[in-house]
1. Can you find, among T45, S66, L82, the residue sitting farthest towards the positive end of the charge dipole of the chain, where Lys and Arg contribute +1 and Asp and Glu -1 at Cβ?
2. Taking all protein chains as present, what is the carbon and sulfur share of the accessible area of the chain, in % to the nearest whole number, probe 1.4 Å?
3. With every protein chain in place, what's the accessible area of R63 (1.4 Å probe, Å², nearest 10)?
4. Would you calculate a helix-derived [θ] at 222 nm for the chain, using -39,500 (n - 2.57) for each DSSP H run of n ≥ 4 and dividing by the full residue count, to the nearest 500?
5. Please find the FRET efficiency linking K115 to D73, where r is the Cβ-Cβ separation and R0 is fixed at 22 Å, and quote it to the nearest 0.05.
6. Give me the 1.4 Å probe accessible area per residue for the chain, excluding ligands and nucleic acids, in Å².
7. On the full set of protein chains, 1.4 Å probe, figure out the accessible area of T62 and give it in Å² to the nearest 10.
8. Can you tell me, using C-alpha contacts under 8 Å and at least 6 residues apart, the relative contact order of the chain as a whole percent?
Amino acid sequence: MEAEVDKLELMFQKADSDLDCILYRVEYEIKNSYPDSTGEKNPVTLLKELSAIKSRYQALQTRFKSVTAAQKDTKSRICVTLTKTMTVMQELQKLTDLELSPWTEEEKTAEDQLKFHMENL
């Protein structure tokens, strides 16, 4: 999950850089192709639209960062709660001398995934 988040962040950064590059190219082409601006196509409007698109990408990136932070916080809280629950269950087992049946493969897999995610926090 974290790798996907990093990948999306890199994609937004690349898109931002690409927009900067396009902006400079368009400005260069305007200077060379429309030195007196004939009015057929309004290059200034094109540049404004490009700037608006760039602003939207930056806004999306900002929102994405806040969502990512919230996901990490939620994930951390869930892991802590699950760990506490497992500890309480083990203590109850010891206090009552009650042994639960062995874990199923699905439960073992879930435990391994939980441990893996906790290491990556």
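1. T45
2. Carbon plus sulfur share of accessible area: 58 percent.
3. Roughly 150 Å² of R63 is accessible to a 1.4 Å probe.
4. Counting only the DSSP helices, I get -30500 deg cm²/dmol.
5. Efficiency computed from Cβ-Cβ geometry: 0.70.
6. 83
7. 90
8. Computed over the chain, the figure is 29 percent.
The values are calculated or read from the model by the stated rules, or taken from the named source; none is laboratory data. These numbers were taken from a predicted model, which means no experiment stands behind them. With ideal geometry, Cβ positions are generated from the backbone for all residues, glycine too; neighbour counts draw on all protein chains shown. Surface accessibility is based on the protein's heavy atoms, side chains included, excluding ligands, DNA and RNA. Shrake-Rupley method; radii C 1.70, N 1.55, O 1.52, S 1.80 Å.
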